[in-house]
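Worksheet: the structure to be examined is printed underneath.
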Amino acid sequence: MTLVAGMDVSGNPNTGNHKFMGIVIGTKDSIDSMARQLNIKQFLPNQIKLTKIRRDLTSQLQFDGKKNIAFCVKIERDQIIKDIKKLSEKKHPHLHRSKIISTHHYLLLQHLREKILNFAITHKYSLSDIVFECDDDCRDFIQSNGLHHDNGGNAYMLSDLVAWGNNRGYEADGVISMDVTYSIKEKLKHDFK
């Protein structure tokens, strides 16, 4: 049984695009079946960006936790990075934003690792076996944590809907929501004070 995974982030132009991270993992059959049920191919790419269509698609999603699972993680990455950079300016005036981001990526994976692994193990996969479909928004996160990525497919499209839905208050059935902002911010404060 092949596992596929998708990852995407959502936000808004004013506060940054990394407000929520959507992660979808499932058997290829279950992910493809979900995509077929949504009948995404009936829409033109610019139509899928419309709020009403996204809301309708998100409301049809159902994750069972057995053949497929979805996480939506509140990360507020851009705001946290900005706050940490400002807090650390006096002691670390030459601290690069990229160093804070890579530490953020590491800490975020620590919060997700066990939950992803618990699902993967039931399908005889390890974390390093999973290939995450994603776009440029998540590619750095994947690469900096030594994971594998591929271009978007059905799992990526579903993760986009999960992240978008949580950002707009339309959580799909079965999505496991998490807020890791406080924990990550406190650890970053400790690391860069």
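The values are calculated or read from the model by the stated rules, or taken from the named source; none is laboratory data. Keep in mind the model is a prediction, meaning the values are calculated, not measured. No Cβ is skipped: glycine too gets one built from the backbone with ideal geometry, and neighbour counts run over all protein chains shown. Ligands, DNA and RNA are stripped out before the accessible areas are found, and what is left, the full protein with its side chains, is counted by its heavy atoms. Shrake-Rupley method; radii C 1.70, N 1.55, O 1.52, S 1.80 Å.
Below are the figures for this structure:
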quantity	calculated
Residue match in region 70-85 (condition: in a loop (DSSP other than H, G, I, E, B), of a type outside the set (Gly, Ala, Ser) and within 14 Å of the chain's Cα centre (by Cα))	yes
Any hit, region 37-51, residues being in contact (Cβ under 8 Å) with a residue 60 or more places away in the chain, of a type in the set (Ser, Thr, Tyr) and out of contact with any strand residue (DSSP E or B) (no Cβ under 6 Å at 6 or more places or on another chain)	yes
Conditions (1) under 12 Å from the mean Cα position of the chain (by Cα); (2) at positive phi; (3) not basic (Lys, Arg): number failed by residue 169	(1)
Odd one out for residue 162, checked against (1) among the aliphatic types (A, V, I, L, M); (2) within 20 Å of residue 19 (Cα to Cα); (3) surrounded by fewer than 17 Cβ atoms within 10 Å (Cβ to Cβ)	(3)
Pick from region 139-159, criterion in a helix (DSSP H, G or I) and free of Cβ contacts under 8 Å to residues at least 24 places away in the same chain, ranking: most open to solvent (accessible area, probe 1.4 Å)	143
Of residues in region 125-138 being without any contact (Cβ under 8 Å) to a residue 40 or more places away in the chain and open to solvent by 50 Å² or more (accessible area, probe 1.4 Å), the one nearest to residue 37 (Cα to Cα)	136
Count - residues of region 74-100 that are modelled with pLDDT of 85 or more, of a type outside the set (A, V, I, L, M, F, W, C) and open to solvent by 100 Å² or more (accessible area, probe 1.4 Å)	5
Pair list, Cβ < 6 Å and 6+ apart or interchain, from region 92-105 residues that are under 13 Å from residue 187 (Cβ atoms) to residues that are open to solvent by less than 70 Å² (accessible area, probe 1.4 Å) and of a type in the set (A, V, I, L, M)	100/81; 100/84
